[in-house]
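Heads up: the structure comes next, in structure tokens.
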Amino acid sequence: MEDEVLFDIRGQLGVISLNRPRAINALTAPMCGAITRQLDAWRDDDAVAAIVITSTSDRGLCAGGDVKAVRQGVIGGDPHALDFFTLEFGMDETLATYPKRVVALMDGIVMGGGLGISAHADLRVVTPRSKMAMPETGIGYFPDVGMMHPLSRAGNLGRHMALSGMSFGAGDALAAGIADVVVEDTRAVLDALETDPMLASDRLPGVLDAEPVVHGAEWLSAYEAEDPAAVVRALRQHGSDDAQAVADTIVQRSPYAAAVTWAAMDRAESLTLAQVFAQDLHLASTVVRQHDFLEGVRCRLVDKGESPQWNPDGWTGVDLDEVQHLVDSAPQG
């Protein structure tokens, strides 16, 4: 299994290369475990000055986590079905708190768990090809892997990324604070870091400017509403084609998952990153057993192409008190 992630030493760099190209490096439990063990080994290795996370695929860094396996485990009654999240979140938190510099090369597709393994790094490098998203509400789930910590601090833009799940590029990633620099070619960056592992971001080769597409849009003010249903109403009232497209997207998401996301984002604003990871694990233990996650993963990822039949199928059917209790009962530590 460990050939799905490769480890190498280049100069003073410990290089982690995700190597599951047919799945755009969707993370599995063995991959997360192998990465964590290697990070532990490199922690006290004086020959390793910095860590680089990259991919052997030119399609992207990582398309997410293997939630199909989680769904199958839940359906089959596997008592270890949630172990994947424990391993994944533990790996992400290890990277976020690692004592050595961590650099993530975020070229191509970087979604869901792909942001978890990269957006908490010390230096996040994106390119004009980067296509990022936290698309979880579209499968009846919520943005996890600690991403509610930065997104809850990114204002209306962060709310938009979390609730809609729509993809975004380099400029908006910079604006949201989940990327640091845009470059032309991450391979050139890896070569430069091999020579100087502590090279400053503004001295990387091929640094580019990148304008945001969503950040600054007038319709983002809709996310100041009190709940997802009110956000959609505000978007409908705005009138622009972009606002209508966003509203059309949100209403296709799981109403239950949207409500959980909204409440969890509110709480995440006052939490540390470690507390957000704890909240994620708490929420996952309930949400993955619910109808919408099982249905969403089946339609979007297993059978593919079929529209999920959410339950409830509208905002008014969601028990908001139950959702708030679920979020409020998350551990503080």
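The values are calculated or read from the model by the stated rules, or taken from the named source; none is laboratory data. Everything numeric here is computed off the predicted structure, so don't read it as measured data. When we count neighbours, we look across all protein chains shown, and the Cβ atoms used for this are built from the backbone with ideal geometry, even at glycine.
Remarks
- Exclusive hit being within 26 Å of Gln279 (Cβ to Cβ), touching a strand residue (DSSP E or B) at 6+ places or on another chain (Cβ under 6 Å) and either at pLDDT 95 or above or of a type outside the set (A, V, I, L, M, F, W, C) (or both), set Leu6, Leu39, Leu13, Leu61: Leu61
- Residue list for the stretch 165-177, filter: crowded, with 19+ Cβ neighbours inside 10 Å and under 20 Å from Thr272 (Cβ atoms): Ala176
- Once the stretch 1-36 is narrowed to residues that are small (Gly, Ala, Ser) and under 17 Å from the mean Cα position of the chain (by Cα), the residue that is surrounded by the most Cβ atoms within 10 Å (Cβ to Cβ) is Ala26.
- Test: residue in the stretch 203-217 that is free of Cβ contacts under 8 Å to residues at least 12 places away in the same chain, surrounded by fewer than 22 Cβ atoms within 10 Å (Cβ to Cβ), within 21 Å of Phe142 (Cα to Cα) and in contact with a helix residue (DSSP H, G or I) (Cβ under 9 Å, 6 or more places away or on another chain): no
- Selection status of Ala188, part of a helix (DSSP H, G or I), surrounded by fewer than 20 Cβ atoms within 10 Å (Cβ to Cβ) and without any contact (Cβ under 8 Å) to a residue 60 or more places away in the chain: yes
- Scanning the stretch 186-223 for residues being within 30 Å of Ile250 (Cβ to Cβ) and polar (S, T, N, Q) gives a total of 1.
- Residue selection: Gly64 fails the criterion of being surrounded by fewer than 24 Cβ atoms within 10 Å (Cβ to Cβ) and either out of contact with any His (no Cβ under 6 Å at 6 or more places or on another chain) or polar (S, T, N, Q) (or both).
- Hey, Asp8 free of Cβ contacts under 8 Å to residues at least 12 places away in the same chain and outside any loop (DSSP other than H, G, I, E, B) or not: yes
- Filtering Val126, Val74, Val102, Val145 for residues that are of a type in the set (A, V, I, L, M, F, W, C), under 20 Å from His291 (Cα atoms) and at pLDDT 95 or above leaves a single hit, Val74.
- Conditions (1) surrounded by 20 or more Cβ atoms within 10 Å (Cβ to Cβ); (2) at pLDDT below 95: number failed by Leu82: (1)
- Enumerated helices (runs of 4 or more DSSP H) restricted to the stretch 262-333, each holding at least 1 residues that are at pLDDT below 95 and among the β-branched types (Val, Ile, Thr): none
Residues are listed down the side, and each one gets a yes or a no for (1) farther than 24 Å from Ala176 by Cα; (2) under 15 Å from the mean Cα position of the chain (by Cα):
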| site | (1), (2) |
| --- | --- |
| Asp78 | yes, no |
| Phe85 | yes, yes |
| Glu88 | no, yes |
| Thr94 | no, no |
| Ala104 | no, yes |
| Ile109 | no, yes |
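Yes or no, residue by residue, for (1) touching a residue at least 60 places away in the same chain (Cβ under 8 Å); (2) in contact with an Asp or Glu (Cβ under 7 Å, 6 or more places away or on another chain); (3) surrounded by fewer than 24 Cβ atoms within 10 Å (Cβ to Cβ); (4) part of a helix (DSSP H, G or I):
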{"position": "Ala104", "(1), (2), (3), (4)": "no, no, no, no"}
{"position": "Ile109", "(1), (2), (3), (4)": "yes, no, yes, no"}
{"position": "Arg129", "(1), (2), (3), (4)": "no, yes, yes, no"}
{"position": "Thr137", "(1), (2), (3), (4)": "yes, no, no, yes"}
{"position": "Pro150", "(1), (2), (3), (4)": "no, no, yes, yes"}
{"position": "Arg159", "(1), (2), (3), (4)": "yes, no, yes, yes"}
{"position": "Leu163", "(1), (2), (3), (4)": "yes, no, no, yes"}
{"position": "Ala179", "(1), (2), (3), (4)": "yes, no, no, no"}
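- Where Val251 falls short, out of the listed (1) crowded, with 19+ Cβ neighbours inside 10 Å; (2) closer than 22 Å to Glu295 by Cα; (3) among the hydrophobic types (A, V, I, L, M, F, W, C): (1)
- Taken over the stretch 271-309, the criterion of being of a type in the set (Lys, Arg), surrounded by fewer than 19 Cβ atoms within 10 Å (Cβ to Cβ) and in contact with a Gly (Cβ under 9 Å, 6 or more places away or on another chain) is satisfied by no residue.
- Test: Gln275 is touching a residue at least 12 places away in the same chain (Cβ under 8 Å) and within 18 Å of Gly158 (Cβ to Cβ): yes
- Just one residue in the set Ala41, Ala69 is outside any loop (DSSP other than H, G, I, E, B), without any contact (Cβ under 8 Å) to a residue 24 or more places away in the chain and surrounded by fewer than 22 Cβ atoms within 10 Å (Cβ to Cβ); that residue is Ala41.
- Qualifying residue in the stretch 232-245 (condition: part of a loop (DSSP other than H, G, I, E, B), under 24 Å from the mean Cα position of the chain (by Cα) and touching a residue at least 24 places away in the same chain (Cβ under 8 Å)): no
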